[in-house]
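Structure first, commentary second.
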Amino acid sequence: MQPALSLRALTAGGLLLSLLGTPLQAQTPQKLDKVRFGTNWLAEGEHGGFFQALADGTYKSYGLDVTIVPGGPNVNNRIMLLSKKLDFDIAANNLQSLDAVANKVPVVAVAAIFQKDPQVFIAHPESRVKTLDDLKPLTLFVSKEGMPTYFQWLKSEHGFNEGNVRPYTSNAQPFLASRNSAMQGYVTSEPFAIEQKAKFKPTVILLADYGFNAYSTFIETRTDLVENNPDLVQRFVDASIIGWYHYLYGDNKAGNALIKKLNPEMTDALLDYSVAKMKEYGIVDSGDAIKNGIGAMSDARMADFFSTMVHAGVVKRDTDFRKAYTLRFVNKGVGLDLRPAQ
């Protein structure tokens, strides 16, 4: 499963990755700045651009010696970030960033790799679901993390009923056993698992297409690093963006090989599926990213999401949402020349 809204915990397990590659843009300095970056789950396609930037030498070309610390259950990467065991981590979405502000946690989002949150509901074809509203009569399997977050938006904006909800515990079997049900998931993974296990293609409803306009997969760092070493932050953000363009549109074999090395259960089929769905649904490269580059963010969209979550009762109105992020390091058009001509 996935973080925050989709059950992925921010976690870490230590593993030093140091792979040599050919510099892609700049002369590599003799001394590289060491950077430790924590992902929020096991190595997977949803983190592909970061692994690509490491595997193909992009980070090195930006003067960075990057260690990727993959996530896993029960270890909180944000704690590691605050204790300076990490320099950057992944925050799943706006709500995690807003929670940090509310609790005076000194972290800030510096780029939004996903323009769309990949949160979906998955339904049986027999239920004839075509739109979000078609889910209302069904039994909905929602996680304990989903109930106080995106489901409150479903209630306030779309009139969903909590009485139809049953607990989702990362087990697809209750969903598979009931054709009049729908299950939460990520567009890049759970539908594939259903197809493989149950041998049918499920209906997929992406919440982002119905107004749930959260960003996802933020690059997050400590506020002191932004203040004291903005050049390092900029280089890590820029190199990560380049890595994502290479992963989506170039030869991503090196990135995928590194993912499979760190996560032996990962398959080529799932990696291919994840990349295809990120492209099909515009998860990474859509919206403001089309003009401003991958990682783009805007004040207007941050304000709109905050207002929506206040209305849903998810966050308090007096939260200063502007402290959750900075536009200082994005919207610069980095990597736009790497996108294929439309």
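Each residue of segment 231-244 was assigned a 3J(HN,Hα) from its phi angle through the Karplus curve 6.51 cos²θ - 1.76 cosθ + 1.60 (θ = phi - 60°); the sequence is 5, 4, 4, 4, 5, 5, 4, 4, 5, 5, 4, 4, x, 5 Hz, with glycine and proline shown as x. Once you've got the Cα coordinates, tell me which of Lys277/Lys316; Lys144/Lys316; Lys130/Lys277 are over 25 Å apart. From Lys277/Lys316; Lys144/Lys316; Lys130/Lys277, over 25 Å: Lys277/Lys316.
Loop sites by DSSP among the trypsin sites (Lys or Arg not before Pro) of the chain, restricted to those with at most 11 other Cβ atoms within 10 angstrom, leave 200-315 as the longest stretch without any of them. With a Förster radius of 35 Å applied to the beta-carbon distance between Ile79 and Glu162, the computed FRET efficiency rounds to 0.65. Return, ordered by residue number, the residues of segment 101-136 whose backbone nitrogen is under 17 Å from a label point located 7 Å along Cα→Cβ of Ala303. The answer is none.
If only the Cβ of Lys and Arg carry +1 and only the Cβ of Asp and Glu carry -1, the dipole of segment 119-210 around its Cα centre is close to 280 debye. Is the C-alpha gyration tensor of segment 188-321 telling us rounded, prolate or oblate? Criteria: a/c under 1.5 is rounded; beyond that, a/b larger than b/c is prolate, otherwise oblate. Cα axes put segment 188-321 in the oblate bin. Normalised by the number of residues in segment 203-342, the average gap of Cα pairs under 8 Å and 6 or more apart makes the relative contact order 29 percent. In the structure shown, the pairs Lys279/Lys323; Lys199/Lys253; Lys60/Lys332 are assessed against 24 Å; a Cα-Cα span above that value is assigned to Lys279/Lys323; Lys199/Lys253. For a label point 7 angstrom out from the Cα of Thr267 toward its Cβ, which stretches of segment 192-220 have the backbone nitrogen within less than 15 Å? Those under the cut-off are 192-201. Multiplying the residue separation of Asp231 and Lys291 by 0.36 nm and removing their Cα-Cα distance gives an extension gain of 19.3 nm. Taking all Cα-Cα distances within segment 119-210, those exceeding 15 Å account for 54%. Relative contact order, whole percent, for segment 119-210 stands at 50, derived from Cα pairs under 8 Å and 6 or more residues apart.
Between Ala341 and Glu195, the FRET efficiency estimated from the beta carbon spacing at R0 = 25 angstrom works out to 0.20. The H on the amide N of Leu64, modeled in the peptide plane, is under 5 Å from the matching H of Asp33, each at least 5 residues off or on a different chain. Entry note, the chain: the mean residue ellipticity at 222 nm calculated from DSSP H runs of n ≥ 4, each adding -39500 (n - 2.57), is -9500 deg cm²/dmol after division by the residues and rounding to the nearest 500. Taking every DSSP bridge with both residues inside the chain, close to 55 percent are antiparallel.
Which one, Asp285, Asp87, Asp99, has the greatest fluctuation when you compute a Gaussian network model over the chain with C-alpha springs under 10 angstrom? So, out of Asp285, Asp87, Asp99, the one fluctuating most is Asp99. Compared with the direct C-alpha span, the chain from Arg322 to Glu280 gains 12.0 nm at full extension, assuming 0.36 nm per residue.
When the chain is treated as a GNM with alpha-carbon contacts under 10 Å, the residue of Ser61, Ser83, Ser274 showing the greatest mean-square fluctuation is Ser83. Of the Cα atoms belonging to segment 60-184, the radius of gyration and Dmax stand at 18.5, 54 Å. Each 20 Å bin from 0 upward holds the following percent of the Cα-Cα pairs of the chain: 32, 59, 9, 0.
No lab work stands behind these numbers, since they all come straight from the coordinates. Treat the numbers as computed from the prediction; the structure is a model and nothing was measured. We place every Cβ from the backbone using ideal geometry, glycine too, and count neighbours over all the protein chains shown.
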